[in-house]
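First comes the structure, then the notes that go with it.
The values are calculated or read from the model by the stated rules, or taken from the named source; none is laboratory data. Given the structure is predicted, the values throughout are model-derived calculations rather than measurements. Quick reminder, even Gly has a Cβ in these numbers, built from the backbone with ideal geometry, and neighbours come from all protein chains shown. For accessibility, only protein heavy atoms count, side chains too; no ligands or nucleic acids. Shrake-Rupley method; radii C 1.70, N 1.55, O 1.52, S 1.80 Å.
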Amino acid sequence: MNPHETSMQAVVYDDYGDASVLRRTQVPVPERGRDELLIEVRASSVNPIDYRIRSGEMKGLLPGGFPRIPGYDVAGVIIESDERGPLHVGDRVMAFLDSVVGGACADFAVCSSDVAAKLPDTLSFEHAAAIPLAGTTALQSLRDHGRIRAGHRVLINGASGGVGAFAIQIAKSYDCHVDAVASGENREFCLSLGADHFYDYETTDFVQSDECWNIVFDAAGKSGYWDSRSVLLDGGRYVSTEPSVKGMLMTILTYPLAKSGMVMLAKPCGDDLRALTDLYERGKLTVTLDSTFPMSDAASAHRRVETGVDHGKVVLLN
Ligand SMILES: NC(=O)c1ccc[n+]([C@@H]2O[C@H](COP(=O)([O-])OP(=O)(O)OC[C@H]3O[C@@H](n4cnc5c(N)ncnc54)[C@H](OP(=O)(O)O)[C@@H]3O)[C@@H](O)[C@H]2O)c1
């Protein structure tokens, strides 16, 4: 790929719909603004938000025009940057794109230099691409919203998923007791990531448990605050990833309560990516891949995530 090209290959869609709306075509290379990076994309990954936006499910929350390039996760090489910035041309980086509608599934992507972080030499583009959105969500949910502390009891609902698998490892890095909830097939996977105990949601409802937790992190967005309240310890916090009007009301109403609840929205942040690479370098964070697809077959990758992987991230390679 020639960085001086004015056009590039990208995966685009011109209307909401199923994965067949995704097509590869030639589009202009995005223009880099002040304090921004132009990154040659080597790999990206598919998150549920990508197909939820593509299908139109989120159109009330995320308006915006067409055509759109999907994807928020980027791993690649900086082609252009501000000379005075902390990141330079040639650096291997990952980024959680700060554009509202994505833009990662292309030859090149732009983002603020604040939302990218250098990659350790030992972290491949393929594995790095799996980290930004899901890893940031897990970190911000536990650290900023759950206010995690050493010794806390943490329950992670949806622990085998893209977000949950990072959450188990992050909570263990804080020396917490971690209870993982997923389908029975993922018991061994969750335990292998460090979970101390496992609940199969098909046979056990954690809200009926005699146990209590400092943090109930619903990475899957499948439970509710009012049900989970009974298993929160005093001062405990319920954090969900599922954005909804009901969830936003719950966030406001429960804010003053001793047991509060909130729906979080992940925010791109380079410092958080550096915190995640630090965990990786210290051997406290591993990345599990389900499969890789060529960028030109983004539609198959979307279908794979949409129909449910056993566990692990689905990565797109340029
Ligand atoms: N608010 C935000 O900023 C934000 C950011 C990132 C993600 N999200 C949302 O978070 C959710 C999870 O994302 P992800 O990437 O982790 O998805 P994912 O990789 O598809 O994982 C989904 C997880 O949910 C589990 N699950 C399915 N049904 C369940 C149930 N009834 N009870 C408990 N767990 C259940 C799955 O377990 P099994 O596979 O074992 O069934 C799996 O562990 C998505 O809805 C996504 O849109 C929101």
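All of Arg68, Arg32, Arg52, Arg84 fail the test of being of a type in the set (Lys, Arg), surrounded by 12 or more Cβ atoms within 10 Å (Cβ to Cβ) and farther than 27 Å from Thr241 by Cβ, apart from Arg32.
The residue of region 155-206 that is farthest from Asp227 (Cα to Cα), among those that are over 20 Å from the mean Cα position of the chain (by Cα), within 11 Å of the ligand (Cβ to nearest atom) and part of a helix (DSSP H, G or I), is Glu185. Scanning region 197-244 for residues that are among the hydrophobic types (A, V, I, L, M, F, W, C) and open to solvent by 50 Å² or more (accessible area, probe 1.4 Å), we see that the one that is modelled with the highest pLDDT is Leu233.
Of all the criteria given as (1) outside the structural domain of Ala95 (by TED's automatic domain parsing); (2) surrounded by fewer than 21 Cβ atoms within 10 Å (Cβ to Cβ); (3) over 21 Å from the mean Cα position of the chain (by Cα), the one not satisfied by Ser296 is (1). For region 40-61, the set of residues classified as away from the ligand (no atom under 14 Å from the Cβ) and in a loop (DSSP other than H, G, I, E, B) consists of Gly56, Lys59, Gly60, listed by residue number.
For region 307-318, the tally of residues that are surrounded by 18 or more Cβ atoms within 10 Å (Cβ to Cβ), within 15 Å of the ligand (Cβ to nearest atom) and of a type outside the set (A, V, I, L, M, F, W, C) stands at 2.
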